[in-house]
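All remarks here apply to the structure that follows.
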Amino acid sequence: MIIQVPALDELPALRAIERAAGEPFRGLGMAAVADDEPPSPALLTEFQRAGRALAAYEEAGPGGGPRRPVGYLLWEPVDGCAHIEQVSVHPDQARRGIGRALIDRAMGDGGRVALTLTTFTEVPWNAPYYARIGFRALPEAELTPGLRAIRAHEAALGLDRWPRVAMRRESGREG
């Protein structure tokens, strides 16, 4: 697997990955999450130009053709941590360590600081998965101002219809 900052012309493929990765939420009664629009091309371009977009690629494309992205991650600095804004892997590539590899790379690219993220608590491939790779749920008292702002924004978007949590993985800890 190859992980690198995607080229600008690959950003539409990241949107397609996001759409595919959203579909399993439909089976959990979370159609609003499945139907949520992927990050806009402009937003993806901002992350890409800042070097805070990562894409995971197959070693070689189908039939020896060009490689294609199979997963991606967006991160941004928040309160001295590297905050994972989004991580998605195409369902056809699930359970191959791609998400974990993207997260580990983000930790390195973020300056080996702690990682944070917010996620759904009851979705098996969300909070339970992150706990397995070294994240811990943050109690309300440990939320930084930036995480509080992110959680407030998520609530305003209606994401709190389903239980959510902020999580943190300390620097130097690999999944």
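The values are calculated or read from the model by the stated rules, or taken from the named source; none is laboratory data. Note that this is a predicted model, so its numbers are computed, not measured. Note that we place each Cβ from the backbone using ideal geometry, even for glycine, and neighbour counts take in every protein chain shown. In case anyone asks, the SASA skips ligands and DNA or RNA and just uses the protein heavy atoms, side chains included. Shrake-Rupley method; radii C 1.70, N 1.55, O 1.52, S 1.80 Å.
Sparse packing (at most 12 other Cβ atoms within 10 Å of the Cβ) combined with a DSSP loop state is found for the following GluC sites (Glu not before Pro) in the range 48-150: Glu59. In a reduced charge model with +1 at each Lys and Arg Cβ and -1 at each Asp and Glu Cβ, the range 49-175 shows a dipole moment near 160 debye about its Cα centre.
Charged neighbours of Glu10, selected by a Cβ distance under 12 Å, balance to +2 (K, R count +1; D, E count -1).
Roll a 1.4 angstrom probe over the protein heavy atoms and tell me the percent of accessible area of the chain that is carbon or sulfur. Carbon with sulfur: 53 percent of the solvent-accessible area. State whether the range 35-106 is rounded, prolate or oblate according to the following rule on the C-alpha gyration tensor (a ≥ b ≥ c being the square roots of its eigenvalues): a/c under 1.5 gives rounded; otherwise a/b larger than b/c gives prolate, and the remaining case gives oblate. Prolate is the answer for the range 35-106, as a/c is 1.5 or above and a/b outweighs b/c. If R0 is 35 Å, the Cβ-Cβ spacing of Glu58 and Ala156 corresponds to a FRET efficiency of close to 0.40. Remark: the Cα gyration tensor places the range 76-175 in the oblate category, a/c being 1.5 or greater and a/b not exceeding b/c.
Ligands, DNA and RNA are left out, and with a 1.4 angstrom probe the accessible area of the chain is 49 Å² per residue.
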